[in-house]
Amino acid sequence: SSGINAEWPLRPGTLGGISLEYEPTMPTKFMIGTEQGTVLSCNRKAKSPAERIVASYTGHYGPIYALQRNPFFPKHFLTVGDWTARIWAEEIRESSIMWTKFHKAYLTDGCWSPVRPGVFFTSRMDGCLDVWDYMFKQADPTLSIQVCDEALNCIRIQDAGGLIACGSHSGNVTLLELSSSLSQLQRNEKNSVTLMFERETKREKILESRYREMKMKERTKSQMEEINQNEEYDENPNDLVEEAEKNFWFTIEQERAGHEKKDREMAE
């Protein structure tokens, strides 16, 4: 796709679009994953160029190959790029709220389950499909399947959530059937995922606030040091000369008084 001219403070210059996300329930918004690892949130009805890019999310070290909002919680979205998959909250721009471990193989694609809000899938360059069920565990995939011995380039899941298709580098498509535990909504899953997202969002807000406080303290400290240095340099040279003369004559008087005292003692 053509480049995007993002002339604003966060990421100036031209960014190349790789992936696109459009949610029909949010008709004025769309999101773009770029070659540089940044997600741009855009406004379709912007009246000026400055209003077209609403927000920027930076967290990947390479192109973002997959970008999708959670079908149950549209304000949270999934990105796949470099060696990780990340989950973001729209209101937190400094960092993702959750992320997978760094894999040895490059990730190529990813998508949410349409029936389970806490499940998503990622594909890898080594031919593996990973199933992540955050209701079960978060540190590692719930299931890893070696689909083929070449790179998996893309994955698509059935609307009913029971089948997933994996496309390989050589053009082969493998259709996999998911178990009922991965394709059926679990009891209280929506509430649990809501609480999980809220907890992680709150944690990131606290960390973001502390980071800003630290940056503010460092900025204030550097400004005070600069002011003190300027005050030292701004002293009147005449005052410095007068002070040096006073110190010199004071030292001379002390030495003369000492010699006079010594001469009187020797005369006695």
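For residues that are of a type in the set (Gly, Ala, Ser) and part of a loop (DSSP other than H, G, I, E, B), scanning just the range 170-187, find the one that is nearest to residue 120 (Cα to Cα).
179
Looking only at the range 89-137, how many residues end up being of a type in the set (Gly, Ala, Ser) and assigned to a strand (DSSP E or B)?
In the first step, residues of the range 89-137 are kept if they are of a type in the set (Gly, Ala, Ser); the result is 89, 95-96, 105, 110, 113, 118, 123, 127.
Restricting the remaining residues to those that are assigned to a strand (DSSP E or B) gives 89, 110, 123.
Of the residues in the range 89-137, 3 are of a type in the set (Gly, Ala, Ser) and assigned to a strand (DSSP E or B).
May I ask you to list the residues in the range 150-188 that are open to solvent by 60 Å² or more (accessible area, probe 1.4 Å) and among the acidic types (Asp, Glu)?
159, 177 - these are the residues of the range 150-188 that are open to solvent by 60 Å² or more (accessible area, probe 1.4 Å) and among the acidic types (Asp, Glu).
Specify the residue that is farthest from residue 123 (Cα to Cα); the eligible residues are those in the range 146-157 that are part of a loop (DSSP other than H, G, I, E, B) and touching a residue at least 24 places away in the same chain (Cβ under 8 Å).
Restricting to residues being part of a loop (DSSP other than H, G, I, E, B) and touching a residue at least 24 places away in the same chain (Cβ under 8 Å), the top hit is 148.
Inside the range 69-98, can you point out the residues that are out of contact with any Lys or Arg (no Cβ under 6 Å at 6 or more places or on another chain), of a type outside the set (Asp, Glu) and within 19 Å of residue 141 (Cα to Cα)?
70, 78, 80, 81, 83, 84, 85, 86, 87, 88, 97, 98 - these are the residues of the range 69-98 that are out of contact with any Lys or Arg (no Cβ under 6 Å at 6 or more places or on another chain), of a type outside the set (Asp, Glu) and within 19 Å of residue 141 (Cα to Cα).
Restricting to the range 72-86, what's the tally of residues that are touching a residue at least 40 places away in the same chain (Cβ under 8 Å) and either within 16 Å of residue 34 (Cβ to Cβ) or crowded, with 16+ Cβ neighbours inside 10 Å (or both)?
Selection size over the range 72-86: 10.
If residue 31 meets every condition in (1) touching a residue at least 40 places away in the same chain (Cβ under 8 Å); (2) part of a strand (DSSP E or B); (3) open to solvent by 40 Å² or more (accessible area, probe 1.4 Å) apart from one, which number is that one?
(3)
Determine whether residue 18 is among the β-branched types (Val, Ile, Thr), at pLDDT 90 or above and either out of contact with any Gly (no Cβ under 7 Å at 6 or more places or on another chain) or surrounded by 21 or more Cβ atoms within 10 Å (Cβ to Cβ) (or both). Show your work before the answer.
Details: among the β-branched types (Val, Ile, Thr): yes; at pLDDT 90 or above: yes; either out of contact with any Gly (no Cβ under 7 Å at 6 or more places or on another chain) or surrounded by 21 or more Cβ atoms within 10 Å (Cβ to Cβ) (or both): no.
In short, no.
Right, residue 168: more than 22 Å from residue 69 (Cα to Cα), in contact with a Gly (Cβ under 8 Å, 6 or more places away or on another chain), among the hydroxyl-bearing types (Ser, Thr, Tyr) and touching a residue at least 12 places away in the same chain (Cβ under 8 Å) or not?
Numbers: more than 22 Å from residue 69 (Cα to Cα): yes; in contact with a Gly (Cβ under 8 Å, 6 or more places away or on another chain): yes; among the hydroxyl-bearing types (Ser, Thr, Tyr): yes; touching a residue at least 12 places away in the same chain (Cβ under 8 Å): yes.
Yes; evaluated as a whole, the condition is true for this residue.
So how many residues does the range 189-202 have that are open to solvent by less than 90 Å² (accessible area, probe 1.4 Å) and either in contact with an Asp or Glu (Cβ under 7 Å, 6 or more places away or on another chain) or of a type outside the set (Asp, Glu) (or both)?
Summing the residues that are open to solvent by less than 90 Å² (accessible area, probe 1.4 Å) and either in contact with an Asp or Glu (Cβ under 7 Å, 6 or more places away or on another chain) or of a type outside the set (Asp, Glu) (or both) in the range 189-202 gives 6.
Being of a type in the set (S, T, N, Q), more than 18 Å from residue 66 (Cβ to Cβ), open to solvent by 30 Å² or more (accessible area, probe 1.4 Å) and under 25 Å from the mean Cα position of the chain (by Cα) is the requirement here; does residue 138 meet it?
Taking the combined requirement at face value, the residue satisfies it.
The values are calculated or read from the model by the stated rules, or taken from the named source; none is laboratory data. Model, not experiment: these values are computed from the prediction. Every residue, glycine among them, receives a Cβ derived from its backbone with ideal geometry; neighbour counts consider all protein chains shown. All accessible areas refer to the heavy atoms of the entire protein, side chains included, with ligands and DNA or RNA removed. Shrake-Rupley method; radii C 1.70, N 1.55, O 1.52, S 1.80 Å.
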